[in-house]
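We did not get these values from a lab; they are worked out from the coordinates using the rules stated. The structure presented is a predicted model; accordingly, all values stated were derived computationally and were not measured. Ideal geometry is used to build each Cβ from the backbone, glycine not excepted, and the neighbour counts take in all protein chains shown.
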Amino acid sequence: MKPKQFQFPQARIVTSRPRVVSVRPLEARPEMSEPQLSIRSAKAKALAQALARRTGMPMNRLVEQALERLDGDLRAGGRAHPIDAVWELAAEGRPDVKPGATSAHDDLYDAAGLPR
């Protein structure tokens with residue numbers, strides 16, 4: 001029979017047999033582990049395992065290094081997303097347009113807004 005565990009604010013109560021109860025203070029409880037990343041990809045798992053065997057490094061460190069390298073490459077390139085190229089062009093403006101030029105086209109339309 002599997003022991004039942006009950007969680008209370010001050011202690012953890014573990015019952016191993018009926019009517020036998022032991023109380024352990026929460027301070028004795030082991031620390032919780034760090035958050036984990038779960039990637040559900042057979043290809044990623046196979047690549048990580050193969051690299052771990054070849055390099056002797058743990059898979060988590062291999063993933064960290066790959067993510068750090070990708071982050072560095074993106075930062076060095078100056079762009080994090082393809083739309084950034086559009087924003088760069090918009091920021092440059094149109095250098096061949098003379099200062100003070102407008103796009104009103106008043107000479108093409110009459111007062112009612114119809115073409116002349």
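Subtracting the Cα-Cα distance from 0.36 nm times the residue separation, let me have the gained length for Gln49 to Lys98 in nm, one decimal. If you can, show how the numbers build up before the last one.
Working: separation 49, 0.36 × 49 = 17.64 nm, distance 6.02 nm.
Length gained between Gln49 and Lys98: 11.6 nm.
Calculated on the Cα set of the range 42-89, radius of gyration then Dmax: 15.1, 46 Å. Length gained on full extension, Ala42 to Tyr109, computed as 0.36 nm times the residue gap minus the Cα-Cα distance: 17.8 nm.
Listed highest first by mean packing, meaning other Cβ atoms within 10 Å per residue, what order do 83-93, 49-59 come in?
Details: 83-93: 9.6, 49-59: 12.0.
Highest mean packing first, the order is 49-59, 83-93.
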